[in-house]
Amino acid sequence: MYDCVIVGGGPGGVAAGIYAARKQMKTIFITENFLSQSVVSASIENWIGTVTIPGWEFGQSLEKHLRAQEDLEIKTGERATGLQELTSGGYAIVTDKGRYETKTVIVATGGRHRHLNVPGEEKFIGKGVVFCSTCDAPFFKQKKVAVIGSGNSALEAVEDLMPYANEIVLISRSGELKGDKVTEEKILASSKVSVIYNGETVEILGSAHVEGLRYKDSKSGETKELAIDGVFVEIGMVPNTEFVKGVLDLNEHGEILLDTRKASTSKPGIFATGDATDAPYKQNNISAGLGVTAALAAYDFVRKGGHQG
């Protein structure tokens, strides 16, 4: 039996893995890959201590740091498919390639952005199609951009872009905006911002980079084109928590309910971090910090003989 099983190869999981290894816990680290959401960013400029780093290089640096730890067992190319409670105490993580029994678990499986699933979207990811306004808004100085969505994430993306872009078009599939009214009033008061209601994006256009998009007016049925330099897709997130359903308490969005004081979940000995949880502010630095918390809490749990403490 392992002391700890860590699932997930993003900054939260890697931070937990490094700290678990330093505490000399018998740990196995399981991930499909080290391609966190940030690998689609052309440049990351808010990872503390690093002025700028390409997203792909960021993922590679996380993996390199993890693999430098001694006595840490790493399994790549495996996907977690289930979480089981053992009658004798502890848990089992089931993957598509094996089963691992453990005293503690750290879930760091992150989340995935909802995609529009329209022609051109995948082609232009990192070339004008963006899923993180906090990360990438500064790259659109003096540009015209579109934000797709109508909820809080879309409104906040517009707010993030206002200091940078010179024109922002918010495209809502419905006839209204559904986010916080204070934020809505603030962005609509800006001369930079316009809203297209009842607009369904059907294609993203361009050659080497985004140059426009095509949308359909759901009321008139008319298809129109909009010349833009970037598309911020802000239609929500899907947490990668399917494998813990029925064991851990989740909120209505499928996020793991988390006590951030010790990164603890509804089950003793199971900890979590990052976008798989309901922790606010989905940021790499915060995920890494919670990963450290989770590893230290797991170490205390094992050291105290299975008491959360």
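The values are calculated or read from the model by the stated rules, or taken from the named source; none is laboratory data. From a predicted model like this one, the values you see are computed outputs, not experimental measurements. Positions of Cβ are backbone-derived with ideal geometry, glycine not excepted, and every protein chain shown enters the neighbour counts.
A few notes on this one:
- Residue selection: Ala294 satisfies the criterion of being touching a Gly at 6+ places or on another chain (Cβ under 9 Å) and surrounded by 16 or more Cβ atoms within 10 Å (Cβ to Cβ).
- Residue among Thr104, Thr87 that is loosely packed, with under 13 Cβ neighbours inside 10 Å and polar (S, T, N, Q): Thr87
- Any chance Ala154 is part of a helix (DSSP H, G or I) and of a type in the set (Gly, Ala, Ser): yes
- Among the residues of this structure, Lys141 does not count as one that is surrounded by fewer than 14 Cβ atoms within 10 Å (Cβ to Cβ), basic (Lys, Arg) and in the same structural domain as Asp249 (by TED's automatic domain parsing).
- Residue count for segment 252-309, restricted to those that are out of contact with any helix residue (DSSP H, G or I) (no Cβ under 8 Å at 6 or more places or on another chain), hydroxyl-bearing (Ser, Thr, Tyr) and touching a residue at least 12 places away in the same chain (Cβ under 8 Å): 3.
- Scanning segment 26-56 for residues that are buried (at least 18 other Cβ atoms within 10 Å of the Cβ) and among the small types (Gly, Ala, Ser) returns Ser36, Ser38, Ser41, Gly55.
- Members of segment 107-120 found to be surrounded by fewer than 19 Cβ atoms within 10 Å (Cβ to Cβ) and more than 26 Å from Val7 (Cα to Cα), listed by number: Asn117, Val118, Pro119
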